[in-house]
1. What is the order of Leu20, Leu65, fewest Cβ neighbours within 10 Å to most?
2. Amide H of Gly280 versus every other amide H placed in the peptide plane: which residues, excluding those fewer than 5 positions away on the same chain, fall under 5 Å?
3. What is the ratio of the Cα radius of gyration of the stretch 136-265 to 2.2 N^0.38 Å, where N is its residue count, to two decimals?
4. Check which residues have an amide H placed less than 5 Å from Thr63's amide H, if you skip close sequence neighbours.
5. In whole Hz, what ³J(HN,Hα) sequence does the stretch 32-39 give by Karplus (6.51, -1.76, 1.60; θ = phi - 60°), x for Gly and Pro?
6. What ³J(HN,Hα) values, in whole Hz, does the Karplus curve 6.51 cos²θ - 1.76 cosθ + 1.60 give for the stretch 11-22 when θ = phi - 60°, with x put for Gly and Pro?
7. Given 10 °C and 1.306 mPa s, how large is the Stokes-Einstein diffusion coefficient of the stretch 244-284 in µm²/s, with Rh as the Kirkwood radius over Cα pairs?
8. Once amide H atoms are built 1.01 Å from N in the peptide plane, which residues 5 or more positions from Leu153, or in another chain, come under 5 Å H to H?
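Just so you know, all these numbers are worked out from the coordinates, no wet-lab data involved. As the structure is a computational prediction, the values presented were derived from the model and not from experiment. Cβ sites come from the backbone with ideal geometry, for glycine too, and all protein chains shown count toward neighbours.
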Amino acid sequence: MDNYVLRSGGPSDAPGMRPLWQSCFGDTEPFFRCYEERVYRPDRVELAVLGEEIVSMVTVIPTVLQTAAGIRIPGGYVYGVATLPEHREKGLASRLLQRAMERRLGRDMDFLCLVPDTPELYAYYQRTMGARTAFYDREFVLESAALGSVPALCPVPVTAEPYRTIRECRLVGTDHLDWDDTAIEFQEEICRQGGGGLYRFDGKVAGCAAAQYIEEDTLLLNELLAAEEDLPGCLAGLLTQLPAQRMVIRMPAFLGASLGGTVQPMGCMTGECAQTGYLGLDLA
């Protein structure tokens, strides 16, 4: 094998990761700055380096699994697994994932979890990390015209702290990831770069949503949490501020049965911490 060096991140490594973000995910300068300011810490990153070039990377963002029984389990969210095209098929990402597990599990983290980019990658992460499907959501595409004349609930822009408060109220009694304010601020900035943001709804109970455009006429709701009877009004309200021909909507599996969609895997996890949990925000 070539002389690759596997190591943790350093104080000045973030700029050297930019070619990976751009080549593998199509990210640009606004994302680079957001990641470097809100997420990057040397001890969160595993790198493969050849000479002076960073050729493969993994970031592990601290998170907590809040169980239905009220137990809080510390863990990590594996983010931005990437290898430059010319350095693939050498096992670099697998080795970095193994390194991430060895350096964290049983120390400050009891599990690692992630969202595979494609269904085929679930098998890869099970083989590489022993990670099994643990998180599910309901997802569907809704043509805006199908909502008809539903009374709209007005969305109010909010910041990370109140969003998290509403989110935890809506998810009490379930197994779910409790993102801290810094992670939600990162999601907020990504949504803003996509023309959206974080929102609150004052319906039967307080609800919330994270939304951004993924195409000019398509709005992605990374997450929607509200009382079941308020869901159509929340969607109608979002369209008053974020017009779109269609919406791609994600919400917990226990919500939205009246709107249709399918319950499907969203993420996987090491260990025995969850079997039917909710991950929600994927920081993308």
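1. Fewest-to-most ranking of Leu20, Leu65: Leu20, Leu65.
2. none
3. On the way: Rg = 13.4 Å, N = 130, 2.2 N^0.38 = 14.0 Å.
The value comes to 0.96.
4. Under 5 Å from the amide H of Thr63: Gly75, Gly76, Tyr77.
5. Listing the rounded values in order: 3, 5, 4, 4, 5, 7, 9, 10 Hz.
6. x, 10, 7, 3, x, x, 8, 4, x, 5, 4, 6
7. Taking Rh from Cα pairs, D becomes 129 µm²/s.
8. The list, which skips near neighbours in sequence, is Cys234, Ala236, Gly237.
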